[in-house]
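The values are calculated or read from the model by the stated rules, or taken from the named source; none is laboratory data. Since this is a predicted model, take the numbers as computed values, not measurements. When we count neighbours, we look across all protein chains shown, and the Cβ atoms used for this are built from the backbone with ideal geometry, even at glycine.
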Amino acid sequence: MEPEQDSNITKNNDSPNNPGDELDLPPEYCHYQDGGCEFADSCLNCPLSKCIYDEPGGKQRHIKRLRDRKILGLFTTEGKGIRELASMFGISQRTVQRTLKRVRNE
């Protein structure tokens, strides 16, 4: 006679490394530590719609988007010049021009 398994625990036969050996545990049986990241204290309380670590280059892309929005805001509302924005953000004037063009088209 086989010992009874918990009905909530099933075998995951799709594992490429160990087919049939890995358990697919429900959340209450997993010991998951949610340490969050620099954007949120917890993954469950994250304001982002998709985790930046799920995409290649996601963190860098997110940081650049925030920078680009700041550049556009300073350019349109405060009337900062391209040369001034370039020195403020430590980027070239051409990068500021490309950023403004791209952000305006979004």
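Checked against the criterion of being exposed (fewer than 10 other Cβ atoms within 10 Å of the Cβ), over 26 Å from Val96 (Cα atoms), at pLDDT below 70 and of a type in the set (Asp, Glu), the stretch 7-17 contains one or more residues that satisfy it.
Tell me the residue from Glu55, Glu78, Glu84 that is surrounded by 15 or more Cβ atoms within 10 Å (Cβ to Cβ) and either in contact (Cβ under 8 Å) with a residue 40 or more places away in the chain or not hydrophobic (A, V, I, L, M, F, W, C) (or both), please. One residue alone meets the criteria, Glu84. Could you check, for the stretch 53-63, whether at least one of its residues is in contact with a Leu (Cβ under 9 Å, 6 or more places away or on another chain) and modelled with pLDDT of 90 or more? No, the conditions are met nowhere in the stretch 53-63.
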